[in-house]
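Shown next, in structure tokens, is the structure this report addresses.
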Amino acid sequence: MTTESPALELRRVNKWFGPVHANKDISLSVNRGTIHGIIGENGAGKSTLMSIVYGFYQADEGEILINGQTCHIDNPQASIEAGIGMVHQHFMLVDTFTVLENIILGVEGGARLGEGLAKARLELARLEKEYSLEVDVDALVGDLPVGLRQRVEILKALYRGAEILILDEPTGVLTPQEADHLFRILNTLRDQGKTVILITHKLREIMAITDNVSVMRRGEMVAHVGTNETSREHLAELMVGRSVLLQVEKSEAQPGNALMNVVGINFIDADGVKRLKDINLEIKAGEILGIAGVSGNGQSELLEILGGTVTPTSGSILYKGEDITKSDKFNARDLRKIGLGHVPEDRHRAGLVLPFTAHENTILGYHDAAEYNRGTTLDKAAMIETCESHIEKFDIRPPNPNLKASGFSGGNQQKLVLAREMEQNPDVLLVGQPTRGVDIGAIEFIHKQLIQMRDAGKAILMVSVEIEEVMSLSDRIAVMFDGFIVGELDAKDATETKLGLMMAGIQDDADPSSAKNKEVAE
Amino acid sequence: MEEFQIFITLMDATFRVATPLILAAMAGMFSERSGVVDIGLEGKMLGAAFAAATIASISGSAWVGLGAGIITSFSLSMLHAYACVTHKGNQVVSGMAINIMVAGLAPTLAFAWFRMGGQTPALKGDERFQSLTLPFADAVRDIPVIGYTYAELISGHNIIVYMAAASVPISAWVLFRTRFGLRVRAVGENPHAVDTAGISVNAIRYQALAVTGLLCGIGGSYLSTAHGAAFIRDMTAGKGYLALAALIFGKWKPLPTLLACLLFAFTDAVQVRLQGVDLPIVGVIPVQFIQALPYVLTVLLLAGFVGKANPPKAIGEPYIKER
């Protein structure tokens, strides 16, 4: 330890949201010129804590010290002045503005823009060079890919003179290569004497880049350790409070017949954009087919079409040889009846009705089944009974079938949806983002359930933007980029680099691009 | 030459009709660009028209009347801000409430004060804004086309018409070339970005609505103290809504919005000329149909020809900090 005072120090910070004690007696010390990780499950209080540092919320008790000086940070302005910059999980950028306009917002340097813009342009050129953060300052932010938008956020913080940079879940939207690039940038920042705080729930990132790590669990700080003194397993245990299996344990897949065939699907959306381009897939019994890709490359549309909620522009979907493409005859409800379960990507928008109770959500999509109906009214007792069995089997907390869906945490909401679809025992299960926003402990459980289904001879198609999840769970992996399936490979042959390159649309060898080549040939 | 004269007369009428539309549309642009829906333009204009006519009649000065109109519209705009920004109320409901309140209150007060059936006394002389003759207008009148256009079309309007004309470039400049404009546009697109940049979202919205109140007040005062010569019940006749339509048709941009206002005003001017005219084939069209023309056009344009409008992204949503 040096005698120098830490760049940021928190002393016994407490924060309540009504009855919820979000941060309990948090103390933290971050040394200057280091990358400090803060890891914890969703809802552990990481983001709340950093929002307090950034002046978005005020702590109910406790002290914040910057460079040894007590600071009263009661709004973001005060925090910016104290030299803190924050890169939020959801970018705080105006899409219709240029990069330059976004960066000067709030520090325009005068009532008229002209002069400020010119000054900012020069200053940015210097910053870009110093930290190798190249970006076209005249481009509209809305036209930039996410990786570059993040760079704009970092520049924005540096332009405001940030000495301490806080990044909240920065890699959620990045490809592995983009994430690596970000890490290089963060290393450069550290080498230039900046202090970086990285909030994440991904162990890989903590191990890859941080110097020290603090672990939070249920609003409390449970450990501070040097990164080189710990391991992924140890951190996971600290986060969850018990030992967790990080690697999915599964036996060799025994693929059977193809239960579902996707033949030449094309899809043009309402804006006239071609979202899917000649998609062909086979989903086999006893196998998990993983669809990898950076979000927004057509996976969502594909899942909606397979689930029967959207009609493709051309092409068809065969289920056990029968054409089930959405049409006047077939819709999502008919698909459920013939044995096709669908866990939508977005549980809030499509998976649940949040103001409905858990037991009402339990029968959504199956609500016309005889067992839940008595004449014209619903059989509430039967609904609750089913819901209770789901709650027990999937360990949904709190175990209250009368609680509104909105009252459950993200992970438990996801379990509600998964239980509903899996307990119908479908032959084919379509799953979108099975563990998005789900805690590490629950992830382990969900993965086990999916493997069990596979071993029972069911066919599973899983779309996920988590590359680790796709790699550990799938038997076969198809990678999507720009509406194409750019390649399909056996999970055994998949490496993170290989998938990452494919996800970025870069082909290292020509053979996986069959779909693309075909279109060129036509 | 006769067609040219008719054209000039039509354009002259267009300018007069367009003035309140332009002022209200520019007013709406500030409000909506900051993310606050302003369906209450109508009520604000009506309130201003009433206040301006009343005070002009009492004080004997059109300028004092204009001041009263602006204060009234400004107060209503702040009421809207208090309901929608401070208390995060529904912006459409608040706007409608203002419209309904003013539509009832103005004639009631007029009746109570003047006993003239809900109108204010007719304004004479300095109680109204008089037409101005621009320099050299008479001297150049005889020069064909250019001189004539200057004398007949450009010159000879009252001061508020010129204010409306000036309001467009000034609004554009403020919105796109100043710090205030940048912040207004940002707050309408992504208030979270503004908040995290250390700027108060509410303060910016209040300021934008203050500008809305000012411009709307001028537009409303024009109706009763410049275009007309008294306050008449419901004298805005949907101009606030028409201005809002022009704003949407103009995609929240100053110049296209100006053009949309001129288009609406032009159909209104044509409509006046078409009344009672014997058209080939169809004959004389009943006057009600012709009067409906600008509104029919509005519906058609908004329904079919606007294309994809990109409204400010955060429009209509009260800003609430997320956890």
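The values are calculated or read from the model by the stated rules, or taken from the named source; none is laboratory data. All of these numbers come straight from a predicted model, not from anything done at the bench. Please note: Cβ atoms are built from the backbone with ideal geometry, for glycine as well, and neighbour counts cover all protein chains shown.
Here are some residues: A:GLN452, A:GLN507. Which one is assigned to a helix (DSSP H, G or I), assigned by TED's automatic domain parsing to the domain that holds A:LEU276 and either over 21 Å from A:PRO434 (Cβ atoms) or at pLDDT 90 or above (or both)?
Values: A:GLN507 fails: assigned to a helix (DSSP H, G or I).
None of the others qualify; the one that does is A:GLN452.
Report whether or not A:PRO434 is outside any helix (DSSP H, G or I) and either among the basic types (Lys, Arg) or within 15 Å of the chain's Cα centre (by Cα) (or both).
Details: outside any helix (DSSP H, G or I): yes; either among the basic types (Lys, Arg) or within 15 Å of the chain's Cα centre (by Cα) (or both): yes.
Criteria met by A:PRO434.
Conditions (1) at pLDDT below 95; (2) surrounded by 21 or more Cβ atoms within 10 Å (Cβ to Cβ); (3) at the interface with chain B (Cβ under 10 Å from one of its Cβ atoms); (4) under 22 Å from A:GLU220 (Cα atoms), marked per residue:
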site	(1), (2), (3), (4)
A:ASN42	yes, no, no, yes
A:SER51	yes, yes, yes, yes
A:GLY68	yes, no, no, no
A:GLY110	yes, no, yes, no
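So, in the range A:56-66, exactly how many residues are within 14 Å of another protein chain (Cβ to nearest Cβ) and surrounded by fewer than 17 Cβ atoms within 10 Å (Cβ to Cβ)?
Going through the range A:56-66, the residues within 14 Å of another protein chain (Cβ to nearest Cβ) turn out to be A:56-58.
Next cut, surrounded by fewer than 17 Cβ atoms within 10 Å (Cβ to Cβ) only: A:58.
Qualifying residue count, the range A:56-66: 1.
Quick one: which of A:ALA44, A:ALA59, A:ALA82, A:ALA78 is closer than 16 Å to A:ARG12 by Cβ and assigned by TED's automatic domain parsing to the domain that holds A:MET207?
Values: A:ALA44 fails: closer than 16 Å to A:ARG12 by Cβ; A:ALA82 fails: closer than 16 Å to A:ARG12 by Cβ; A:ALA78 fails: closer than 16 Å to A:ARG12 by Cβ.
It is A:ALA59.
If A:GLU444 meets every condition in (1) under 18 Å from A:VAL248 (Cα atoms); (2) in a helix (DSSP H, G or I); (3) at pLDDT 90 or above apart from one, which number is that one?
(3)
If you check every pair at least six apart or on different chains, which have Cβ atoms under 8 Å apart with a residue in the range A:212-232 that is in contact (Cβ under 8 Å) with a residue 12 or more places away in the chain and not assigned by TED's automatic domain parsing to the domain that holds A:VAL20 first and a residue that is polar (S, T, N, Q) and not in a strand (DSSP E or B) second?
Listed pairs, sorted by first residue: none to list.
Any chance you could count how many residues in the range A:74-85 are more than 7 Å from every other protein chain (Cβ to nearest Cβ) and at pLDDT 90 or above?
Keep residues of the range A:74-85 that are more than 7 Å from every other protein chain (Cβ to nearest Cβ), which gives A:74, A:78-79, A:81-85.
Okay, now just the ones that are also at pLDDT 90 or above, so A:78-79, A:81-85.
Counting residues in the range A:74-85 that are more than 7 Å from every other protein chain (Cβ to nearest Cβ) and at pLDDT 90 or above gives 7.
Do we have A:LEU461 as in a helix (DSSP H, G or I) and at pLDDT 85 or above here? Give the steps one after another, and end with the answer.
On the way: in a helix (DSSP H, G or I): no; at pLDDT 85 or above: yes.
Here the answer is no, as A:LEU461 does not meet what is asked.
Within 22 Å of A:ALA504 (Cα to Cα), in contact with an Asp or Glu (Cβ under 8 Å, 6 or more places away or on another chain), not acidic (Asp, Glu) and not assigned by TED's automatic domain parsing to the domain that holds A:ILE443 - does that describe any residue in the range A:153-176?
Yes, that holds for at least one residue.
Within the range A:86-100, which residues are assigned to a loop (DSSP other than H, G, I, E, B) and either facing chain B (nearest Cβ under 10 Å) or crowded, with 21+ Cβ neighbours inside 10 Å (or both)?
Residues of the range A:86-100 assigned to a loop (DSSP other than H, G, I, E, B): A:88-97.
Residues satisfying the conditions are A:HIS88, A:HIS90, A:PHE91, A:MET92, A:LEU93, A:VAL94, A:ASP95, A:THR96, A:PHE97.
Say we look at the range A:2-16 and pick out the residues that are surrounded by fewer than 18 Cβ atoms within 10 Å (Cβ to Cβ) and in contact (Cβ under 8 Å) with a residue 12 or more places away in the chain; which of these is farthest from the other protein chains (Cβ to nearest Cβ)? Explain how you work it out, then say what you get.
Pass one, the range A:2-16, residues surrounded by fewer than 18 Cβ atoms within 10 Å (Cβ to Cβ): A:2-5, A:11-12, A:14, A:16.
Next, only the ones that are in contact (Cβ under 8 Å) with a residue 12 or more places away in the chain stay: A:2, A:4-5, A:11-12, A:14, A:16.
On the way: A:THR2: 32, A:GLU4: 28, A:SER5: 25, A:ARG11: 23, A:ARG12: 22, A:ASN14: 16, A:TRP16: 12 Å.
It comes out as A:THR2.
Quick one: which helices (runs of 4 or more DSSP H) lie wholly within the range B:127-204 and hold at least 2 residues that are within 14 Å of chain A (Cβ to nearest Cβ)?
On the way: elements: B:137-140, B:146-149, B:159-177, B:179-189, B:191-196.
Here the list reads B:159-177, B:179-189, B:191-196.
For the range A:429-484, enumerate the residues that are farther than 15 Å from A:VAL343 by Cβ, hydrophobic (A, V, I, L, M, F, W, C), buried (at least 24 other Cβ atoms within 10 Å of the Cβ) and touching a helix residue (DSSP H, G or I) at 6+ places or on another chain (Cβ under 6 Å).
Hits for the range A:429-484 are A:ILE477, A:VAL479, A:MET480.
Take the range A:254-286 and flag every residue that is within 26 Å of the chain's Cα centre (by Cα) and under 18 Å from A:HIS342 (Cβ atoms).
A:PHE267, A:LEU276, A:ILE279, A:LEU281, A:ILE283
Find the residue count for the range A:17-40, including only residues that are more than 26 Å from the chain's Cα centre (by Cα) and within 12 Å of another protein chain (Cβ to nearest Cβ).
So the answer is 1.
Scan the range A:247-276 for residues that are closer than 23 Å to A:MET502 by Cα and buried (at least 19 other Cβ atoms within 10 Å of the Cβ) and jot them down.
A:VAL262, A:ILE265, A:PHE267, A:ARG275, A:LEU276
Sort through B:LEU41, B:LEU79 and tell me the only one that's surrounded by fewer than 24 Cβ atoms within 10 Å (Cβ to Cβ), closer than 24 Å to B:TYR319 by Cα and in contact (Cβ under 8 Å) with a residue 12 or more places away in the chain.
Numbers: B:LEU41 fails: surrounded by fewer than 24 Cβ atoms within 10 Å (Cβ to Cβ).
Of the residues listed, the single one that is surrounded by fewer than 24 Cβ atoms within 10 Å (Cβ to Cβ), closer than 24 Å to B:TYR319 by Cα and in contact (Cβ under 8 Å) with a residue 12 or more places away in the chain is B:LEU79.
Just need a number here: residues in the range A:134-185 that are assigned to a loop (DSSP other than H, G, I, E, B) and acidic (Asp, Glu). Break it down into steps so the answer makes sense when it comes.
Taking the range A:134-185 first, the residues assigned to a loop (DSSP other than H, G, I, E, B) are A:134-139, A:144-145, A:160-163, A:169-175.
From the residues that got through so far, the ones that are acidic (Asp, Glu) too are A:134, A:136, A:138, A:163, A:169.
Total meeting the criteria: 5.
If you take just the helices (runs of 4 or more DSSP H) that sit entirely in the range A:261-370, which of them hold at least 2 residues that are in contact (Cβ under 8 Å) with a residue 12 or more places away in the chain and outside the structural domain of A:LEU430 (by TED's automatic domain parsing)?
The qualifying helices (runs of 4 or more DSSP H) are A:358-362.
Give just the number: which of (1) free of Cβ contacts under 8 Å to residues at least 40 places away in the same chain; (2) within 13 Å of another protein chain (Cβ to nearest Cβ); (3) surrounded by fewer than 19 Cβ atoms within 10 Å (Cβ to Cβ); (4) in contact with a Lys or Arg (Cβ under 9 Å, 6 or more places away or on another chain) does A:GLU134 not satisfy?
The single condition A:GLU134 does not satisfy is (2).
Please state which one of B:ASP12, B:ASP38 is on the phi < 0 side of the Ramachandran plot, assigned to a loop (DSSP other than H, G, I, E, B) and acidic (Asp, Glu). I'd like the intermediate steps shown before the answer.
On the way: B:ASP12 fails: assigned to a loop (DSSP other than H, G, I, E, B).
Being on the phi < 0 side of the Ramachandran plot, assigned to a loop (DSSP other than H, G, I, E, B) and acidic (Asp, Glu) holds for just one of B:ASP12, B:ASP38, which is B:ASP38.
Which of the residues that make up the range A:379-420 are in a loop (DSSP other than H, G, I, E, B) and either surrounded by 15 or more Cβ atoms within 10 Å (Cβ to Cβ) or polar (S, T, N, Q) (or both)?
Start the filter on the range A:379-420 by keeping residues that are in a loop (DSSP other than H, G, I, E, B), which leaves A:379, A:395-403, A:408-409.
Within the range A:379-420, A:ASP379, A:ILE396, A:ASN400, A:PRO401, A:ASN402, A:LEU403, A:PHE408, A:SER409 qualify.
Need the failing condition index for B:MET116 against (1) surrounded by fewer than 20 Cβ atoms within 10 Å (Cβ to Cβ); (2) within 11 Å of another protein chain (Cβ to nearest Cβ), just the number.
Unmet for B:MET116, out of (1) surrounded by fewer than 20 Cβ atoms within 10 Å (Cβ to Cβ); (2) within 11 Å of another protein chain (Cβ to nearest Cβ): (2).
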